[in-house]
Amino acid sequence: MTVRAHLDFLKSWIEEKIEDIAEGRTPEPDKTFAYYWEKNGAGSSHFARKDVVFECFHNFVAFSQWGNTIYNMMQKLGRSTGDPAARDWLVKTMEGDPDNAGGGAFTPLERYVMEMFRLISPNGGSISAIEETIVPRFERNGYIVSPHTSTGVDPVHWENPLEFDPTRYERVPTSQEVDEAKARQIGFAKCPFDLTSFEVKDGRKAALNNSAFGTVFGVADGKAMPVCDYAGFAPFGFGYRRCPGEQLTIQAFEDFLRKVWNDKIEFVKLNIASPEPLPIGPRTVIADNIGFTR
């Protein structure tokens, strides 16, 4: 079967599953993402059924990055392969009060995961298509890649950018703070969208807001759930091209690190001459050479 045939089959399968959710044929549909997308999109042009289908397809690709991320975290925390500062900070974080934000925007454990993502950046960049202002003489396509990894370690954005330091997120602007005045202070142009709030239609007291950079963040029961709205932190993209699964992914890896800490897991590089290559995502293959002890 060709790649195109595989993609067509996957698209048809997703469409069938979303139709089952919409028509009430799926048990406990409210445990799926698509249920809320259908409810809140309400068939409008802003988030139509085809957009729900595409987002489901995107998640199949995006979730594969979790395997790559776990591998890179194991390397960074490894007994012989890792970063001593990252290991020390994990001890300091977990022996403290990891889930207490203390009035700040992020908890200590959340800051730790964010620092991990800044340095290992599971997604190397975001691709945007370029539209030409003059019709070319022959068909061609142009793209711009916004590099996530190099942005995160650029000294323009950070002091000591290669140093593992979760405290840097105690001083960054957050999405709820970035209005037009803050954008001007930072030195970035605001995005072409106005500040707005999208009230959800699924019965919850919640809304989706955006910053002056277009970064979307949730507000539930009057409490904002902001993200770091600073160009130096871009493993999930920046502004209105930012991945909506950022907070879900950070919370998933908080749980991963809790498991590592509570079970006293240590990662070790295995002495294997020819480790098996394992495909863990599109265009991503790792060497199966890391184990763990307890």
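A short reminder: the numbers here are calculations on the coordinates, not readings from a lab. In this text the structure is predicted, and so the values were computed from the model without any measurement. FYI the Cβ positions are ideal-geometry reconstructions off the backbone, even for glycines, and counts take in every protein chain you see.
What the table shows:
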quantity	calculated
Selected from F33, F267, F217 as most flexible by GNM, with the chain as the system and alpha-carbon contacts under 10 Å	F33
From phi via Karplus (6.51, -1.76, 1.60), per-residue ³J(HN,Hα) for the range 287-294 in Hz, x at Gly/Pro	8, 7, 10, 10, x, 8, 10, 10
Approximate spin-label separation L10-S274, in nm, with each point projected 7 Å along Cα-to-Cβ	3.1 nm
Burial ordering of C228, C191, C56, fewest other beta-carbon atoms within 10 Å first	C191, C56, C228
Approximate spin-label separation I265-D202, in nm, with each point projected 7 Å along Cα-to-Cβ	2.8 nm
Cα→Cβ-extended label distance, 7 Å offset, between A220 and I134, nm	5.2 nm
R0 of 25 Å, Cβ-Cβ distance T32-C243: FRET efficiency to nearest 0.05	0.85
Relative exposure of D221, D83, judged by other C-beta atoms within 10 Å (fewest first)	D221, D83
Unsatisfied cross-links (Cα-Cα over 24 Å) in the set K92/K259; K201/K223; K17/K201; K31/K76; K223/K264; K39/K223	K31/K76; K223/K264
Mean separation of Cα contacts under 8 Å, 6 or more apart, over the residue count of the chain: relative contact order %	17 percent
Whole-Hz couplings from phi, Karplus 6.51/-1.76/1.60, listed for the range 41-51; x for Gly and Pro	x, 6, x, 6, 6, 6, 8, 6, 4, 5, 6
14 Å beta-carbon shell around E110, net charge (K/R +1, D/E -1)	-3
Other-chain or far-sequence residues with amide H under 5 Å of I286's (modelled H)	L278, I280
Choice from I14, I120, I130 showing the highest fluctuation, given a GNM over the chain with Cα pairs closer than 10 Å	I130
Contact order relative to length of the range 173-229, as percent, for alpha carbon pairs under 8 angstrom and 6 or more apart	38 percent
Estimated 222 nm signal from helices in the chain, with DSSP H stretches of n ≥ 4 weighted -39500 (n - 2.57), rounded to 500	-12000 deg cm²/dmol
Derived scalar couplings ³J(HN,Hα) [the range 103-110; Karplus, 6.51 cos²θ - 1.76 cosθ + 1.60; whole Hz; x for Gly, Pro]	x, x, 7, 10, 6, x, 5, 5
Most mobile listed residue (W13, W261, W37) in the chain, GNM with C-alpha springs under 10 Å	W13
Fewest-first ranking of R241, R118, using other Cβ atoms within 10 Å as the exposure measure	R241, R118
